[in-house]
Amino acid sequence: LEQNWPNPFNPETIIRYQIPDLGSSPLGEMLVRLRVYNMLGQEVKTLINRELNEGIHQVIWNAEVPSGTYFYRLTTNNGFVVAKKMILMK
């Protein structure tokens, strides 16, 4: 999971992430979830919730939420979890 760009942003940002080689997976896919949370830990948006192949992926988020600090968290079905912080300035 890479740092979003630009950061701070208004109103759009790009989030890039990489799915590693899944040689052990019979279909070569991994269930990936990318969600955005506010400072209270409340989910504000699900950006990705599907099976993806290995490689570099990106998603563009057009934030329709108030200015502030948000966290985006990537989780996979094999237990991988990583989160990063981003700032929306309107």
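The values are calculated or read from the model by the stated rules, or taken from the named source; none is laboratory data. Bear in mind that the values here come from a model prediction, so they are computed numbers and not experimental data. Reconstructed Cβ throughout: ideal geometry from the backbone, glycine too, with neighbour counts over all protein chains shown. Please note that ligands, DNA and RNA were not included when accessible areas were found on the heavy atoms of the full protein model with its side chains. Shrake-Rupley method; radii C 1.70, N 1.55, O 1.52, S 1.80 Å.
Mind checking whether some residue in the stretch 68-80 is open to solvent by 50 Å² or more (accessible area, probe 1.4 Å), more than 10 Å from the chain's Cα centre (by Cα) and at pLDDT 95 or above? No, the stretch 68-80 has no match at all.
Within the stretch 65-81, restricting attention to residues that are β-branched (Val, Ile, Thr) and part of a strand (DSSP E or B), the residue that is farthest from Arg35 (Cα to Cα) is Thr69. Out of Ile56, Ile48, Ile14, one residue alone is open to solvent by 90 Å² or more (accessible area, probe 1.4 Å), touching a strand residue (DSSP E or B) at 6+ places or on another chain (Cβ under 6 Å) and free of Cβ contacts under 8 Å to residues at least 60 places away in the same chain. It is Ile56.
In the stretch 62-82, the residues that are at positive phi form Cβ pairs under 8 Å with partners that are open to solvent by 40 Å² or more (accessible area, probe 1.4 Å) and modelled with pLDDT of 95 or more, at six or more places apart or across chains, as follows: Gly68/Met39; Gly68/Ile87.
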